[in-house]
Amino acid sequence: MAFSSKPNGLTRREFLKGSGAAAAAAAVAPATVSAAAEQSSALVRDWEEITLRVNGQECKVRVEPRTTLLEVLRYQLGLTGAKPVSPDGCCGASTVLLDGKPVSAATTLALDCVDKEITTVEGLGPGDPVVHAFVEEDAMQCGFCTPGFVVAVRAFLQKHPHATEEQIRQGLNGNLCRCGTYVNVIRAALKVVKGEHHG
Ligand code: FES
């Protein structure tokens, strides 16, 4: 087989000229990128003070656009019930209620919570039937996942007060427990449904 001395129809000289042009373009690219970055940073707002309503109290906090609700709760308000486990919120440990609906505080921006009612596990209080049932059924081992589970159970039973065991299992499938206390968690939830909890 004969090889062409002009691969792709280019002479060696033409090829080198083209490569030089590409290298020159690459050298220009960083400047273009930094111009774009400068332009976009002008669009990003700086720190600002906002007011959040947490567990019935107005709280002034300082946030950046990227600040999550979980960061505000834990590091500015000292509410450490919601846990930072998975940044994508897939384990349910950071579950809180936003206008009564369960959300992952780890993936919710603080700025999106203005004018909404935020309830954390601390806001449920010791008198909450779900909290009682968890204690009575010993629905925890290390306890790390427990606040997320308590809030998730509270939200689920609020919406499905007569839930069956199967429905509770499905409703809580967004919460993970590394210690494997699922059996007791389900038992605690069923206890609330049946009104058998004390307190
Ligand atoms: S009790 Fe340990 S992770 Fe659930």
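Estimated at the nearest 10 Å², the accessible area of Lys116 is 70 Å² with a 1.4 Å probe. Atom-type composition of the exposed protein surface of the range 48-123 places 48 percent of the accessible area on carbon and sulfur (1.4 angstrom probe). Note that the range 48-123 shows a convex hull volume over its alpha carbon atoms of 73 Å³ per residue. Considering only alpha-carbon pairs that sit under 8 angstrom and 6 or more positions apart, the relative contact order computed for the range 73-118 is 29 percent. Given a 1.4 Å probe, how much area per residue of the range 125-193 is accessible, in Å²? Computed with neighbouring chains in place, this is 50 Å² per residue. Each residue was assigned an accessible area with a 1.4 Å probe, and for Val193 the value is about 40 Å². Over the range 125-193, with every protein chain in place, what whole percent of the accessible area is carbon and sulfur at 1.4 Å, could you tell me? Result for the range 125-193: 55 percent of the exposed heavy-atom area is carbon or sulfur.
The values are calculated or read from the model by the stated rules, or taken from the named source; none is laboratory data. All values reported here derive from a predicted model rather than from experimental measurement. What goes into the accessible areas is simple: the full protein's heavy atoms, side chains included, and nothing from ligands, DNA or RNA. Shrake-Rupley method; radii C 1.70, N 1.55, O 1.52, S 1.80 Å.
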